[in-house]
1. Taking the chain as the reference, fit the longest principal axis to its C-alpha atoms, fit the long axis of helix 161-170 to the helix C-alpha atoms, and give the angle between the two in degrees, 0 to 90, nearest 10.
2. What does the convex hull of the alpha-carbon atoms of the stretch 121-163 project to on average, in nm²?
3. How tilted is helix 179-190 with respect to the longest principal axis of the chain? Cα atoms for both, answer in degrees (0 to 90, nearest 10).
4. According to a simple spin-label model (label point 7 Å from Cα along Cα-to-Cβ), what is the distance in nm between residue 445 and residue 155?
5. Give the calculated FRET efficiency between residue 104 and residue 346 to the nearest 0.05, with a Förster radius of 45 Å applied to their Cβ-Cβ distance.
6. Using a Gaussian network model of the chain with C-alpha springs under 10 Å, which one of 60, 179, 298 is most mobile by mean-square fluctuation?
7. How much of the DSSP beta bridge set in the chain is antiparallel, as a percent to the nearest 5?
8. Working from Cα positions, state the angle (0 to 90°, nearest 10) between the long axis of helix 426-443 and the longest principal axis of the chain.
Ligand SMILES: Cc1cc2nc3c(=O)[nH]c(=O)nc-3n(C[C@H](O)[C@H](O)[C@H](O)COP(=O)(O)OP(=O)(O)OC[C@H]3O[C@@H](n4cnc5c(N)ncnc54)[C@H](O)[C@@H]3O)c2cc1C
């Protein structure tokens, strides 16, 4: 059967908020193909389509409905349920259980009154303001891209698909919420000893302090269970960052015989079959590994033709956008939210690719669109960032980093970084309060 003629039976389309969509069954054509227009418009209400229902997209959906009550908001998400990156390192070693991370997405859709369609976004026809999905074409007035990141294995392996597949299958990065998270948890539980290598992606990458948190918590598991194992962190950066001192103290004081941090270890060659890796800091052999390739903006930004280019014309890998309005350069109906965003300032580069920033920018973009719909001037707003990192699970102790932003007299965004290096138990309480407040904000729990 040709994919174009594929007949979709109604249960294949998971749709929330049908009460707000009178007569969808009658309005929809008998045979739905990827060329059919789905999700009929609600009269003349402005239609805002959000691609990607993670930290950023779910937040934008909620606030758009609140700020523009007369709006038709559609969220397109490929996964059946929400899975949080934040707190997932703690889940690897059972500090929190699966229910803490994994949540129903119909609840916020019904609570806040937007439509949720479980589907894959496959492309865009921006000249006709259409999103292409696995289920058909969706019209928009405003479009928000919030698809997170993709792994750039090609940077290591070129077009060697066998090496890419072997690496994904055996040494998953587990930095994108999907089955890899479960594979990594199993890997940690079944680790019998030897050298576990962790490659860190070069900046910018998703949640800069979190790979070190992962190393600490796996080291805690190794120590607790007296496993004869070591963790080798191959870091492309010249030093641990952020929270440099806090992490170095944790490595030295809590895990001196387990964690070795290797700076300036930018990956040059990976041989996943023979478990060898060549870096700028030397060659290493491993027994097991968590191989994190470089990160880039999610596929949807590439499909939209909205990836930035550097001075030499090479793709930057991240969205081409206005740094203070979050709009696509050259297409003001498209906005970016979350990790896929492009550079902000030549002082610090990108905003930290964190759930905190995605949530904050989700709210800012909703407000900016509300101002445009109301015909008001759009105000440029800045986020902040806050990340708590657990370095010890018994007793539970954390360190943290805060980033603040302001605009200097020349109009440039300036970053101030505040590291909290002294690990303590109070920060654990703050972290859990932070996570619960965020989940309440965009998951309605
Ligand atoms: C181990 C780990 C620990 C972390 N710790 C923290 C922390 O302590 N604090 C913090 O603030 N941040 C933390 N983060 C980072 C945080 O998870 C991300 O920054 C955040 O999820 C970014 O939000 P987003 O909306 O941009 O992307 P995501 O939350 O990844 O959402 C993107 C969504 O888009 C969907 N999508 C992508 N492509 C398509 C498509 N073609 N069609 C349909 N749907 C699509 C995806 O399924 C996904 O649901 C951590 C991340 C990890 C992995």
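Every read-out reported here was derived from the displayed coordinates using simple, explicitly stated rules and does not represent laboratory data. Quick caveat: nothing in here was measured; it's all calculated off a predicted structure. We place every Cβ from the backbone using ideal geometry, glycine too, and count neighbours over all the protein chains shown.
1. The angle comes out at about 70 degrees.
2. Numbers: hull surface 18.4 nm².
Mean shadow area of the hull around the Cα atoms is 4.6 nm².
3. Value to nearest ten degrees: 20.
4. Rounded to a tenth, the inter-label distance reads 3.2 nm.
5. 0.60
6. Result for the chain, Cα springs under 10 Å: 179 fluctuates most.
7. Working: 45 of 77 bridges.
Of all bridge pairs located within the chain, approximately 60 percent are antiparallel.
8. Relative to the chain, helix 426-443 is tipped by roughly 20 degrees.
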